[in-house]
1. Does residue 338 meet the test of being out of contact with any Gly (no Cβ under 7 Å at 6 or more places or on another chain), of a type in the set (Gly, Ala, Ser) and open to solvent by 40 Å² or more (accessible area, probe 1.4 Å)?
2. Of the conditions (1) modelled with pLDDT under 95; (2) surrounded by 13 or more Cβ atoms within 10 Å (Cβ to Cβ); (3) part of a loop (DSSP other than H, G, I, E, B), residue 27 satisfies every one except a single condition; which number is it?
3. Where the second residue is aromatic (Phe, Trp, Tyr) and the first is part of a helix (DSSP H, G or I) and lies in the range 240-258, which pairs have Cβ atoms under 7 Å and are six or more apart or on separate chains?
4. Just checking, does the range 218-226 include any residue being under 22 Å from residue 275 (Cβ atoms) and open to solvent by 50 Å² or more (accessible area, probe 1.4 Å)?
5. Restricting attention to the range 202-217, which residues are open to solvent by 30 Å² or more (accessible area, probe 1.4 Å) and among the hydroxyl-bearing types (Ser, Thr, Tyr)?
6. For residue 232, indicate whether it is open to solvent by less than 10 Å² (accessible area, probe 1.4 Å) and under 30 Å from residue 145 (Cα atoms).
7. If you check residue 83 against the conditions, is it surrounded by fewer than 18 Cβ atoms within 10 Å (Cβ to Cβ), at pLDDT below 95 and over 20 Å from the mean Cα position of the chain (by Cα)?
8. Name the residues in the range 83-117 that are at positive phi and free of Cβ contacts under 8 Å to residues at least 60 places away in the same chain, would you?
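The values are calculated or read from the model by the stated rules, or taken from the named source; none is laboratory data. Given the structure is predicted, the values throughout are model-derived calculations rather than measurements. Don't worry about glycine lacking a Cβ; one is built from the backbone with ideal geometry, like all the others, and counts go over all protein chains shown. Note: areas computed on protein heavy atoms with side chains; ligands, DNA, RNA excluded. Shrake-Rupley method; radii C 1.70, N 1.55, O 1.52, S 1.80 Å.
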Amino acid sequence: MPPHPGMPRDSYELRLSRLWSDVLRRDGVGMQEDFFALGGDRATAEALVAEISARFDTPLSMEAFLEAPTIERIGCHLRARSRKLNVQPLIPLQPDGSKRPFFFLPGGEGAPLNAYALARWMGPDQPLYGLQTRGLHGERPPFERIEDMAADHIETLRTVQPRGPYLLGGHCSGGMVALEMALQLQRNGEQVAVLAVCDAWSPANLSLRMPNETFLTDLVEFYSIVAAGFRYWFDVDIGLKSDEMRALDPRQRITRFMELARKHGAYPPDEPDARIEHILALYRAASDSAYVPAERFRGPITFLRAIDSKFCETVTEGWEDLTTQPLRLRMVPGNHVSLLTEPHVREVANELRAAIAEARVS
């Protein structure tokens with residue numbers, strides 16, 4: 001089963017999809033859709049091949065393109081030569097537009113591309129960058145402290161926007177990291193005009209609830225949670241069966257999970273088995289961080305709480321205790337994951353645009 005139409009799964013597919021769309025003059029190209037079936041011809045294919053070779057600094061022959069003219073297969077071709085693009089922490093989900101950029105942090109899985117639909121609904125003139133958690137790709141381990149994660153992200157966002165005011169947002173544990181970023185920027189005399197948190201526990205609630213969670217010790221439960229997310233992100237059911245997983249030894253479970261994820265299009269066909277181990281390490285780093293904010297944020301916090309969330313146990317989740325201003329609470333449709341996917345993500349984008357407009361920053 002193909003991935004959700006138009007949903008890139010890594011930085012290679014993200015950049016290729018933009019080139020495909022530009023050359024074909026169409027939006028929402030699927031990762032497995034044939035270039036020629038979409039209306040491409042020899043001339044446009046030659047133009048695309050030349051652009052890919054230039055943009056990725058990797059020669060691509062016309063023969064290699066014709067063997068499998070899809071974003072998925074060309075992505076595999078490029079990654080076979082280098083995977084360094086996936087290690088880069090800044091993901092330009094929507095780099096165009098003249099407005100002040102919005103920086104978004106993903107939840108526990110660490111993948112900013114989960115905000116791809118959000119970036120599209122924010123509008124063509126609103127740049128949106130994802131900040132990728134260190135440790136998702138490559139060999140470097142994740143940070144163990146939220147403060148270090150935040151400092152690293154600040155260094156990254158300053159390559160795009162050296163000075164404030166800043167617009168920050170995050171989903172799940174990414175909301176906690178965005179908070180710490182705002183506090184560090186605040187201490188350095190910078191203004192954070194928007195701090196938006198999507199369906200997240202506050203740091204105090206994380207400390208209270210994580211000791212009662214079992215998914216980081218019962219790894220079959222962990223795999224099931226990640227697989228459940230695929231239903232929303234990619235509209236696929238990978239067919240993971242908990243009883244079958246429990247009959248396997250730990251290494252076999254990793255192999256089986258990744259086989260299913262690749263087969264059903266949740267990951268590219270060349271995604272290494274280590275991907276799920278990296279995700280587990282990211283979840284553990286966030287949950288074990290014992291993070292306590294050093295102060296309160298002096299700006300407004302927008303808390304977007306999913307109406308059908310089973311993750312959040314209260315309406316505000318304690319975020320009102322982290323700001324000196326009244327909490328800007330907004331109820332949005334969907335659950336903890338689906339609020340960032342179609343069709344609910346449109347309302348999230350509307351609320352974020354409203355928060356930015358209220359901040360009155362040019």
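1. no
2. Of everything listed in (1) modelled with pLDDT under 95; (2) surrounded by 13 or more Cβ atoms within 10 Å (Cβ to Cβ); (3) part of a loop (DSSP other than H, G, I, E, B), residue 27 misses just condition (2).
3. Every condition considered, the pairs that remain are 245/223; 253/223; 257/223.
4. Among the residues of the range 218-226, at least one is under 22 Å from residue 275 (Cβ atoms) and open to solvent by 50 Å² or more (accessible area, probe 1.4 Å), which makes the answer yes.
5. Once the filter is applied, which keeps residues that are open to solvent by 30 Å² or more (accessible area, probe 1.4 Å) and among the hydroxyl-bearing types (Ser, Thr, Tyr), the range 202-217 yields 207, 214, 217.
6. Criteria not met by residue 232.
7. Taking the combined requirement at face value, the residue does not satisfy it.
8. Filtering the range 83-117 for residues at positive phi gives 97, 110.
Within the range 83-117, 97 is the sole residue that qualifies.
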